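In what follows, a structure is listed as structure tokens, so that the remarks can point back to it.
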There are 2 protein chains.
Amino acid sequence: MRRWNGWGDDSFSMTTPESGMEFLQSKLTPGPVLPDADFASVCEQVPESRLQDHPLVSKDNADRVRHARGQSLPDWLAMRSGDFGVFPDGVAFPETTEQVETLLDYAWKNDYQVIPYGGGTSVAGHINPLQSVQPVLTIDMGRMSRLLDLNEDSQIATFGAGTPGPEVESQLRAHGYTLGHFPQSWELSTIGGWVASRSSGQQSLRYGRIEQMFAGGIMVTPKGRWQIPTIPASSAGPDLREMMLGSEGRMGVISEVQVRVTPLAKEERFFAVFVPNFESAKQSVKEIVQNKIPLSMLRVSNALETETQLRLAGHESLIKWLERYLSFRGNKDGKCLITFGVTGNKKQNALSLKQAMSVFSRFGGVKGPAMMGKKWAENRFKFPYLRENLWLAGYCVDTFETATDWHRVTSQMESMEAAVKMAGEQFGFTPHVYTHLSHMYAQGCSIYTTYVFPNGETYQQTMAYWKAIKQAASESVANGHATISHQHGVGKDHAPFLKAEKGDIGMAVIKGMVEHFDDKQLLNPGTMLEKES
Amino acid sequence: MRRWNGWGDDSFSMTTPESGMEFLQSKLTPGPVLPDADFASVCEQVPESRLQDHPLVSKDNADRVRHARGQSLPDWLAMRSGDFGVFPDGVAFPETTEQVETLLDYAWKNDYQVIPYGGGTSVAGHINPLQSVQPVLTIDMGRMSRLLDLNEDSQIATFGAGTPGPEVESQLRAHGYTLGHFPQSWELSTIGGWVASRSSGQQSLRYGRIEQMFAGGIMVTPKGRWQIPTIPASSAGPDLREMMLGSEGRMGVISEVQVRVTPLAKEERFFAVFVPNFESAKQSVKEIVQNKIPLSMLRVSNALETETQLRLAGHESLIKWLERYLSFRGNKDGKCLITFGVTGNKKQNALSLKQAMSVFSRFGGVKGPAMMGKKWAENRFKFPYLRENLWLAGYCVDTFETATDWHRVTSQMESMEAAVKMAGEQFGFTPHVYTHLSHMYAQGCSIYTTYVFPNGETYQQTMAYWKAIKQAASESVANGHATISHQHGVGKDHAPFLKAEKGDIGMAVIKGMVEHFDDKQLLNPGTMLEKES
């Protein structure tokens, strides 16, 4: 069963080898292990629902607890401590677009706030209800999780918006297709959530971001059912798809999603390469993507991420051999791991691999053992489980990410890492901070930073650590020329920083669109646009 | 000098061989040759300007004539007959964004309508002033035509919005880059116009549409200067670039455009293939694009376009040889010409060519002479000059285009061609109608139909022919599941049909955005959204 206070299914857990933990402890002293609340006692805290009865709405306390929080670090602390603050007043589980319409109508007539809920994997507070005088109805799309249509001629698949990643892929795979969208949250997140929050997957280099996949769909809005038809491309005015994308529940509830799918590739392979230093690694991947060498995945870990990943993966003897070998080849302390993939037909893959390796070689790159590429593919969705292990060892782990143009990548990364460290140092510790570049574009790339810090003496103190770090990291993004989020959306946590990116005029445009649909301010208020007090 | 009443520079004209004209005459009897108006007499018709004097504004009659019309067929008939109807009251030629701001301010204070003018190549009435009580100021961006900045690290070039295609390419080429945007209007159209009207170029398969190139820029709006920063990708809410794109002058005047550029390719080659029939040709290109074989251009002429192109190009002896050879190989009457290109490094091009040819072969395709691909590249921007030649022979030629999903392509093409024919037959002639598919996507493609019809006895009658044909063609698009324009924009001519594509809710969203910027309805009124009477 899905964990009520952590990531994933409780039948699965990851082990972190002793040597990995020792490595981390050598870098950073852990905090105390904080006590977990239990589910039953949290359910007892839930106040009485303020919703009128409706046959589609559950007021069950367990449902309300399970839909109160996403997967951000504050959500984690709330769930582990049992200090939730706010719960939705009820949860609905519609099975059709008509039922979504019925629910929106019911909410509108009664002045209820509405929060659309996909997989509940937001790391930016998208689905958290805020304290408010209006009751809150969460609409869980999880029962709209079927492949409704597949047009093989035009390669368009129609899904219920609540279809999670594994269902999307297994239903398409049966017909010989893939969507190719693999965000790290893939096991739990949904296709409607990907559209609403402009998600990007690990193989965006081949398949594009969700923006390139999203061909049309249905959003149930207070103004009626908004259907965007599938058209391959159009010059007819502003692109309305690009308004539904990233709407984060502020304009309506996405109920059906039509996506562009791709025939399953004949072959897919992943590889690891070590490059002597970060600048060389960055230059090599930039050259590859700017020259349109058709890889399907490309990622650069900086030196500390490279070391941390090798250590946390254990396999000490392999690491020692690897380090000896790499040092012999000139890849010493500053070495950076590049992971990349080729996906397609064999001849094309062979050529792409050869051309990519020739670039890496010019930058001093040497291929890692074949096993490393395979391991990456096997473990690609496992990172979120690490949080549980570190938590039990007295650590919090969190990530944040942005994207910027190539000429700003190094300085932006350095500024973000420094901001996190300085924020921790106020409290007397130096967070363990490392970064990778992924989602490569000719113009720039995303920068994804992970930081580990010790638990505080209390939950309140731990939350204070996080707040200071998050604020510092967000400011470093907002003060750069970078986006407040490349792939996690705005939610409530990033809303204060959106203006730095969009400007006053852009903010007014977005506000106008939101208000056009939602003149009562009932749709997911506080998300994307800060709540006006 | 640029022709005041036709396409291109008057130092260039195309010749159409006698045999080509004979072919056309065998299909369709020409109409009379209608008399041309002369420039001086048109200038004399221009009424007094209603604008207050301003140092940046010319009220010169010649300027006002030269900015009154675009390049649609109604524009052509207006220019050739001298019956213009409406002229702008003045034309400004700003040289900086600040001057554009000054001009917008001047217009706003005086309640003048504002029409931004790029290359004046619209075929949908974008830049035509309408009869109105408010004076009309046209802002010609032609003096903002420089490369302002080139960031080679992030491959972002910044141009003045009025930079025309050849200037864009020559300025980039000097640094080893290309934009790769080659619409048929390339010789005259501008980078700002491409953004404002969501243009697509002949090599969109490699370089993308202008949407994929447009990284950011400046629009001067009544709410202030709106600058969209360059960020490679973002999940932070609706994408504002996609609102500026296709804004068609309704929200402001685009003054600077930042685009993603690409290093010049090592090699570029174009080829011709003949496939026995249209269905096979369509299936073959669909297979290529759905399997991501990296070609840079791909185009299928239907059987009548294939025949017409071969005949109008002359070279009778070559054609006879070709037809004998192709007939021997099984490509008889229904044969369709596929033109395609590879652009990149030599090894990749060789593989792409081989893989594409292997698909064509499976569909019975045979390669045409090498000269044919070269000829296509040489003549790629010449088609608009053909209108002049046909006009002098008693014919009008016009085109329209759409895009739709693959499963609707054949029926949409047939419906469009039938609609044009039936519209002509009311008047006692059958237009010569042919079509090509281009701008291939995994989901579908664009459909581009050309039609030739005889001049009427008068300009009025010729216009009546065109109106009936355009209405019928537009209805066939609006009644299908296709866009009213894949690459020409909405303008005034397509505005009545936009609702069929966007729906009531979508239209209200667009209207809301326009009114947010332009509460006085002074910015290019009647374009994109029909004028409310």
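Distance between the modelled labels on B:Leu264 and B:Lys109, one decimal in nanometres: 4.8 nm (7 Å Cα→Cβ projection). The C-alpha atoms of chain B define a longest principal axis, and helix B:97-110 lies at about 60 degrees to it. For the peptide A:474-484, the mean number of other protein chain Cβ atoms found within 10 angstrom of a residue's Cβ is 2. Between amide H atoms placed 1.01 Å from N, distances below 5 Å from A:Thr190 occur with A:Gly119, all of them 5 or more places distant or on a separate chain.
Helix A:278-290 and the long axis of chain A differ in direction by around 70°, with both axes built from C-alpha atoms. Distances, shortest first, from the label point of A:Ser41 to those at the same position in the other copies read 9.7 nm; the point lies 7 Å along Cα to C-beta.
Helix A:303-312 versus the longest principal axis of chain A: what is the Cα-based angle in degrees, 0 to 90, to the nearest 10? So the inclination is approximately 80 degrees.
Listed by chain and number, the aspartates and glutamates whose C-alpha is less than 19 Å from the C-alpha of B:Lys346, apart from same-chain residues fewer than 8 away, are A:Glu287, B:Glu267, B:Glu268. Distance between the modelled labels on A:Lys27 and A:Ser361, one decimal in nanometres: 3.3 nm (7 Å Cα→Cβ projection).
How far, in nm, would the chain grow between A:Trp321 and A:Glu515 when pulled straight, counting 0.36 nm per residue and subtracting the alpha carbon separation?
Roughly 63.8 nm would be gained on extension.
Looking down the axis that turns chain B into chain A, the chain B residue with its beta carbon nearest that axis, and the gap rounded to whole angstrom, comes out as B:Glu242, 2.
Computed from the C-beta positions of A:Arg143 and A:Leu392, the FRET efficiency with R₀ = 56 Å rounds to 0.95. Checking the table A:Lys282/A:Lys354; B:Lys59/B:Lys109; B:Lys292/B:Lys382 against a 21 Å threshold on Cα-Cα, which pairs fail? Distance filter (> 21 Å) returns B:Lys292/B:Lys382. Among the aspartates and glutamates, which have Cα under 12 Å from the Cα of A:Lys335 when same-chain residues fewer than 8 positions away are ignored? Partners found: A:Glu279, A:Glu305, A:Glu307, A:Glu323.
Across identical copies of the chain, A:Arg380 has label-point separations of 3.5 nm, listed in ascending order, with the point defined 7 angstrom from Cα along Cα→Cβ.
Which FRET efficiency, nearest 0.05, do A:Lys382 and A:His54 yield, Cβ-Cβ r, R0 41 Å?
On the way: r = 39 Å, r/R0 = 0.96.
According to the calculation, E is roughly 0.55.
Determine, from the Cβ-Cβ distance of A:Gln45 and A:Arg329 and an R0 of 45 Å, the FRET efficiency 1/(1 + (r/R0)^6), rounded to the nearest 0.05. Between A:Gln45 and A:Arg329 the formula returns 0.15. Here A:Lys499 is the anchor, and the lysines within straight C-alpha reach of less than 21 Å, apart from those fewer than 8 places off in the same chain, are A:Lys467, A:Lys470, A:Lys511, A:Lys531, B:Lys223.
Every read-out reported here was derived from the displayed coordinates using simple, explicitly stated rules and does not represent laboratory data. Note that the coordinates shown come from a computational prediction; the quantities given were computed from them, not determined experimentally. Note: ideal-geometry Cβ built from the backbone for every residue, glycine included; neighbour counts use all protein chains shown.
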